[in-house]
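First the structure, in the form of structure tokens, and then the observations on it.
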Amino acid sequence: MRRIVVLFSCVLTAAVVATGHAAGNQEIESVLLAKKLLETQVYTVVPRQTIYCKAPFDADKKVMLPPDLTSNVYKNRLHRTEWEHIVPAENFGGRFDAWHTGAPQCHDKNGNPYRGRKCAERVSRAYRLMQADMYNLYPAVGAVNAARRQYAFTPLFKRVPPAFGSCAVKIRSRRMEPPESARGMIARTYLYMEWAYQMPLLGVMKRKLMQEWNAAYPVTQAECQRAFLIESLQKNEQPFVKTPCVQAGLWPRSKDV
């Protein structure tokens, strides 16, 4: 199975390079619009459930916390849903000059230069499209989103306790181990972002881990439905989700949604 996943990734990458066209989001430039579309046209159909803790949330993004889900940090963000970039904006934003050095257009009203996310968002359409890619945005409990920061996903020792009680997220030494229920979605998102934007976002070992998670934690009906709805809005495919969904008979038909 792992060999099939690796070969599939290589074939997809070769196809993008051969055509010379980006396979990522070319439709939505505003991350605020992307979040609004997810809230109003995707998570009104698929279950309103956060990615890491599987906590339900309502139309106002208020989280109904499962029993014993607790936090000693970011308590003001514990009961709200936030949109998490699975591949952090810093990971791909750092590839843009405006992120590091700024740009002539990036001055505030007092004439002071700025850089980083705000500057990249202002001057680069390519960055805006990546930032707004809905395949990379998942709902998360705000406190978990805050605690994750830009940390890489990786397995941690069994003795490391969960950071949020009954939510099986572990955080230690600037690394985060996600629950098993989230690992397949995380892996397919990383593989997609690398492939779609022709940008190396993973080292050799991290790519191997994502390929292993992709194979070990297959797509679910909800993940397939989510990708189907995003494809209809964003007008591009997420083949690391769509292909196994089609093969498993889980890809929705238009009349089913």
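For this structure, a couple of remarks:
- Selected residue [surrounded by 13 or more Cβ atoms within 10 Å (Cβ to Cβ) and in a loop (DSSP other than H, G, I, E, B)] from 126, 103: 103
- Qualifying positions in segment 76-113 - over 29 Å from residue 175 (Cβ atoms) and touching a strand residue (DSSP E or B) at 6+ places or on another chain (Cβ under 7 Å): 102, 106, 107, 113
- Residue in segment 225-236 that is under 18 Å from residue 51 (Cα atoms), surrounded by fewer than 22 Cβ atoms within 10 Å (Cβ to Cβ) and at pLDDT 95 or above present: yes
- Given (1) modelled with pLDDT under 95; (2) surrounded by fewer than 15 Cβ atoms within 10 Å (Cβ to Cβ); (3) of a type outside the set (A, V, I, L, M, F, W, C), number of the condition residue 165 does not satisfy: (2)
- Note on segment 65-78: residues that are surrounded by 12 or more Cβ atoms within 10 Å (Cβ to Cβ) and without any contact (Cβ under 8 Å) to a residue 40 or more places away in the chain amount to 0.
- The set of residues from segment 5-58 being of a type in the set (Gly, Ala, Ser), at pLDDT 95 or above and either assigned to a loop (DSSP other than H, G, I, E, B) or more than 16 Å from the chain's Cα centre (by Cα) (or both) comprises 24, 30, 55.
- Qualifying residue in segment 108-117 (condition: within 22 Å of residue 35 (Cβ to Cβ) and not in a loop (DSSP other than H, G, I, E, B)): yes
The values are calculated or read from the model by the stated rules, or taken from the named source; none is laboratory data. Not measured: the values here are computed from a predicted model. Because the Cβ atoms are built from the backbone with ideal geometry, glycine has one as well, and the counts that use them run over all protein chains shown.
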